Amino acid sequence: MRKVNPRIPEKLRKGIPLKTGPNHTVRLEVTDEALTVHTGLSLFYAMAEALEIPRTLDEHVKVKQRESGYPESEHILALAANAFVGGDYLEDLEALREDVAIQRAIGRKELPDPTTAGDFCRRFTLGHLLQVNRAFGEIEKRVYERRPEVTHWTVDVDAKVHEVYGEKKQGAAKSYNGIYSLQPLYGFVHETDEMIHCELRSGNTHPGAGGAGFLRRLKRKIPSTVKTVHLRSDSALYSKDVVELCEKGKWTFTITADQTGPLMKMIEALPESAWKKHPKDESLSYGEVWYQPVKWAHSYRYLVRRERKTPKKGQSALFEVMSFSYYVVVTNREQDIQEVLELHDKRGMSERRIAQFTNEFLFHLPMEGFMSNWVYLLCAQLAYNLSLWIRDLVLPPFYRKKHIKRIRRTIGLIAAKVTHGGHQVRLKISVLHRWWRDFVYGWQRIPQLREAPGVG
């Protein structure tokens, strides 16, 4: 890749004037001082080092055949860093490669160029992807040594139709809604917003295909400090295999059920006395049945929310049963019907998390190969989770639950001057920046992460 020419033309030494308004002219000059707008990457890489992410990746992931060049961790972290600063394409790595100031700040002589990073992704096989996920599981456990208060997970699983363009993109196909796409499957932790596991599938894959296998692989990443797990999903994971996996792992679950004929016949046969009215909305009522689907080991508790339909043009339904719409959830929880259904309704947050992840970290799947795009997806997952760990573990407490775009705006994109001398690198930010104190707070907190119990 062609390097930037640092020579300053004479006219820029003098400055080029530009009138930007009445009686207001700005003179543009350039400098050879080391400046950066990617200052947040200094926290990003420092956080990665504090959590021993480079060491863990290099121990587990063995893609390269020779020792020369960048280690595996440098490739993965560079792609994650690109996603962290909002890069949508491999070519956006060029902006980081030409940012000499941030490379000094993070202690790198240079970062992989887009061609090298692309070649790295293309070397991956399914076995290498499993190595990355094992590394992610170990990293997750290390994070939870610093999160002793989180002992319960609510895992939300959902698929996303990710539209792609170009007929040569491997694995792309028309999905159930006719969109030419690939289809990632995501598992999020509701309590912390983390993406605990994700897998890439072909665009025409049924959303629930391989659901039990996905959960088995997700289960390997659960830290020992997490004592209880609750699974939430839409009807894509409504299957005997998923329910048996939950029972075997002693997970609780709420899964939206398919409204099959035999099940709905039981629900519609419930007497009116079996329905409990909603205390504030007369159109809603709650009931339950015990039902055993075909080939399932035994019967399960099915919770039902019934809503009276609004008559169209003043016409009532011909039969009373047709006056209602039903929402059915299967569960092994024992709490009140309304309480369990309201817990299940919160799984809608997973759609917001997927939208946030897609818009901020994975707007585009840029590679031609299927495995390469899967690697790119995992690097974006690391960027997303590292952003959350910075937010939750080192930034001021009022940052908890803030949108990641807000994190990037406040501490990610800060202009800074980088100088070096006397065997020291100095990163200078302005006190005129609205959030400079928050950046300093995080800077001072990161070293304390190394002092977590069991670390060292």
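Sort out which residues of the stretch 266-288 are open to solvent by 40 Å² or more (accessible area, probe 1.4 Å) and assigned to a helix (DSSP H, G or I), and write them in order of number.
Correct list: MET266, GLU268, GLU272, SER273, ALA274.
Please work out which residue is most open to solvent (accessible area, probe 1.4 Å), limiting yourself to the stretch 130-160 and to residues that are in contact with a Pro (Cβ under 9 Å, 6 or more places away or on another chain) and under 20 Å from THR358 (Cβ atoms).
The residue in question is LYS160.
Among the residues of the stretch 178-196 satisfying the criterion of being over 13 Å from VAL229 (Cβ atoms) and open to solvent by 10 Å² or more (accessible area, probe 1.4 Å), which is modelled with the highest pLDDT?
ASP193
Could you check the stretch 162-177 and list, in sequence order, the residues that are free of Cβ contacts under 8 Å to residues at least 60 places away in the same chain and open to solvent by less than 30 Å² (accessible area, probe 1.4 Å)?
ALA172, ALA173, SER175
What residue, of LEU111, LEU129, LEU96, is under 21 Å from the mean Cα position of the chain (by Cα) and aliphatic (A, V, I, L, M)?
Numbers: LEU111 fails: under 21 Å from the mean Cα position of the chain (by Cα); LEU96 fails: under 21 Å from the mean Cα position of the chain (by Cα).
The unique qualifying residue is LEU129.
Conditions tested, residue by residue: (1) crowded, with 16+ Cβ neighbours inside 10 Å; (2) aromatic (Phe, Trp, Tyr); (3) touching a Ser or Thr at 6+ places or on another chain (Cβ under 9 Å); (4) without any contact (Cβ under 8 Å) to a residue 12 or more places away in the chain.
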residue	(1), (2), (3), (4)
SER323	no, no, yes, no
ARG352	no, no, no, yes
VAL375	yes, no, no, no
CYS379	yes, no, no, no
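Determine the pairs where a residue that is under 13 Å from TYR302 (Cβ atoms), located within the stretch 243-267, has a partner that is surrounded by fewer than 20 Cβ atoms within 10 Å (Cβ to Cβ) and among the basic types (Lys, Arg) with Cβ atoms under 7 Å apart, the partner being 6 or more residues away or on another chain.
Pairs that qualify, where the first residue is under 13 Å from TYR302 (Cβ atoms) and the partner is surrounded by fewer than 20 Cβ atoms within 10 Å (Cβ to Cβ) and among the basic types (Lys, Arg), are THR254/ARG333.
When the stretch 46-62 is examined, which residues are found to be open to solvent by 10 Å² or more (accessible area, probe 1.4 Å) and in contact with a helix residue (DSSP H, G or I) (Cβ under 7 Å, 6 or more places away or on another chain)?
Selection gives ALA46, GLU52, PRO54, ASP58, HIS60, LYS62.
Counting just the residues of the stretch 405-447 that are in a loop (DSSP other than H, G, I, E, B) and of a type in the set (A, V, I, L, M, F, W, C), which one comes out surrounded by the most Cβ atoms within 10 Å (Cβ to Cβ)?
Ranking the qualifying residues of the stretch 405-447, first place goes to ILE414.
Quick test for you: out of GLN356, GLN338, pick the one residue that is assigned to a helix (DSSP H, G or I), at pLDDT 90 or above, of a type outside the set (Ser, Thr, Tyr) and more than 30 Å from GLU167 (Cβ to Cβ). So that I can check it myself, show each step before the final result.
Working: GLN356 fails: more than 30 Å from GLU167 (Cβ to Cβ).
Among GLN356, GLN338, only GLN338 is assigned to a helix (DSSP H, G or I), at pLDDT 90 or above, of a type outside the set (Ser, Thr, Tyr) and more than 30 Å from GLU167 (Cβ to Cβ).
Would you mind finding the one in VAL418, VAL440, VAL394, VAL425 that is under 26 Å from ILE139 (Cα atoms), in contact (Cβ under 8 Å) with a residue 40 or more places away in the chain and of a type in the set (A, V, I, L, M)? Spell out the reasoning first.
Working: VAL418 fails: under 26 Å from ILE139 (Cα atoms); VAL440 fails: in contact (Cβ under 8 Å) with a residue 40 or more places away in the chain; VAL425 fails: under 26 Å from ILE139 (Cα atoms).
So the residue among VAL418, VAL440, VAL394, VAL425 that is under 26 Å from ILE139 (Cα atoms), in contact (Cβ under 8 Å) with a residue 40 or more places away in the chain and of a type in the set (A, V, I, L, M) is VAL394.
Can you tell me which residues in the stretch 246-265 are among the acidic types (Asp, Glu) and open to solvent by less than 10 Å² (accessible area, probe 1.4 Å)? Can you show your working first?
Within the stretch 246-265, the subset among the acidic types (Asp, Glu) is 247, 258.
Listed by number, the list is empty, since nothing qualifies.
Pick from the stretch 1-48 the residues that are out of contact with any Lys or Arg (no Cβ under 6 Å at 6 or more places or on another chain) and among the polar types (S, T, N, Q): which of them is modelled with the lowest pLDDT? If you could, list the steps in order and put the result at the bottom.
First, the residues of the stretch 1-48 that are out of contact with any Lys or Arg (no Cβ under 6 Å at 6 or more places or on another chain): 1-14, 16, 18-24, 26-34, 36-48.
Okay, now just the ones that are also among the polar types (S, T, N, Q), so 5, 20, 23, 31, 36, 39, 42.
Numbers: ASN5: 61, THR20: 85, ASN23: 86, THR31: 79, THR36: 88, THR39: 91, SER42: 93.
My answer is ASN5.
The values are calculated or read from the model by the stated rules, or taken from the named source; none is laboratory data. Remember, it's a predicted structure, so these values are computed and weren't measured experimentally. Virtual Cβ from ideal backbone geometry, glycine too; neighbours counted across all protein chains shown. What goes into the accessible areas is simple: the full protein's heavy atoms, side chains included, and nothing from ligands, DNA or RNA. Shrake-Rupley method; radii C 1.70, N 1.55, O 1.52, S 1.80 Å.
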